[in-house]
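The values are calculated or read from the model by the stated rules, or taken from the named source; none is laboratory data. For clarity, every value in this text was computed on a predicted model and none was experimentally measured. FYI the Cβ positions are ideal-geometry reconstructions off the backbone, even for glycines, and counts take in every protein chain you see. Surface areas here come from the heavy atoms of the whole protein model, side chains and all, with no ligands, DNA or RNA. Shrake-Rupley method; radii C 1.70, N 1.55, O 1.52, S 1.80 Å.
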Amino acid sequence: MEKDKSIKYLYHYYEKDRGPFLNLSDLDIPQAQKILDRIKQENKVMAVHRYKGYLERRKELEQMAREIFISKGGKPVRKSPHYMVVGKCDWLQTWYNEGEYIRIHLSEFDLDTISFSYGDMFPTFSPRVTDNKEYRKQIYTFNEIIKIMEKYGLPQVWNQDGAFGPERYIEVQIWDDEPLLRKLKISVNS
């Protein structure tokens, strides 16, 4: 198993014609559901696989993650996070018809405003995943995720095809818009 102790870049994957950092969690559930239903009808992206009750569960998990992060000294600015991943993950790009990504250097972020889960929050907190791995039902600070990465490496390296469990990447919850706005402004102006 390859182990990578460093985090240099965070990646955000998105559908090219929609643009980055569009967040259903910024909307109330009825508004978000209309958008999700429209995306499902277009049948182009991974969202077609979202189950009934997905949005409610997402908001529940985000609130739980926020509370855990605060209990560990985190200082979220947003009520719900934007999502990125540690390192490049080719599998995520396949979720989209025309997948694109934005890469932002870790130094652009205040570490007090980003949290991590080893794998996507949904399977990480799922009652159906019962393997008792130490990173289940956990939200990590930067220093904590580094220790987990030292032990296990990047899931996209050792579990590219998902054969060894549901973890396929390290999810990063971004609790502040500022670094994203700076990056988008730079991208638009470059």
Residue separation times 0.36 nm, minus the C-alpha to C-alpha distance between Ile29 and Leu181: what's the value? 52.3 nm
Any residue on another chain or 5+ positions along whose placed amide H is under 5 Å from the amide H of Lys72 is listed here as none
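Does the stretch 118-167 classify as rounded, prolate or oblate by the C-alpha gyration tensor (a ≥ b ≥ c root eigenvalues; a/c under 1.5 gives rounded; else a/b over b/c gives prolate, otherwise oblate)? Walk me through the intermediate numbers first.
Numbers: a/c = 1.97, a/b = 1.13, b/c = 1.74.
Judged from the Cα gyration tensor, the stretch 118-167 comes out oblate (a/c at least 1.5, b/c at or above a/b).
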The base-10 log of I(q)/I(0) that the Debye equation returns for the stretch 69-134 at q = 0.12 Å⁻¹, one scatterer per C-alpha, is -0.44
Charge tally for neighbours of Met121 with beta carbon under 9 Å away, counting Lys, Arg as +1 and Asp, Glu as -1, is -2
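Whenever you get a sec, compute what percent of the accessible area on the stretch 130-185 sits on carbon and sulfur atoms (1.4 Å probe).
Details: 1390 of 2700 Å².
It is 51 percent, rounded to a whole number.
To the nearest 20 Debye, how big is the dipole of the stretch 89-164 about its Cα centre, given +1 on the beta carbon of each Lys and Arg and -1 on that of each Asp and Glu?
Numbers: 7 positive and 12 negative charges, 83 e Å.
Magnitude of the dipole: close to 400 debye.
Could you report the chain's accessible area per residue, 1.4 Å probe, as an integer in Å²?
Details: 10360 Å² over 190 residues.
Heavy-atom SASA per residue in the chain reads 55 Å².
Calculate, in nm to one decimal, what Thr94 and Thr130 gain on full extension: separation in residues at 0.36 nm each, minus their alpha carbon distance.
Numbers: separation 36, 0.36 × 36 = 12.96 nm, distance 2.73 nm.
Gain in length upon complete extension: 10.2 nm.
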Measure off, as a whole percent, the carbon and sulfur share of the 1.4 Å-probe accessible area of the stretch 62-105, all protein chains present. 49 percent
Taking the mean number of other Cβ atoms within 10 Å as a proxy for protection, how do you rank 108-120, 130-142 from highest to lowest? 108-120, 130-142
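On full extension of the chain, what length is gained from Phe142 through Ala163, given 0.36 nm per residue of separation minus the C-alpha to C-alpha distance?
Numbers: separation 21, 0.36 × 21 = 7.56 nm, distance 2.70 nm.
Computed gain between Phe142 and Ala163 is 4.9 nm.
Looking at the square roots a ≥ b ≥ c of the eigenvalues of the Cα gyration tensor of the stretch 63-190, which shape do they give, rounded for a/c under 1.5, prolate if a/b is larger than b/c, or oblate? Please report the intermediate quantities before stating the final value.
Details: a/c = 1.85, a/b = 1.20, b/c = 1.54.
Oblate, since a/c reaches 1.5 and b/c is not below a/b.
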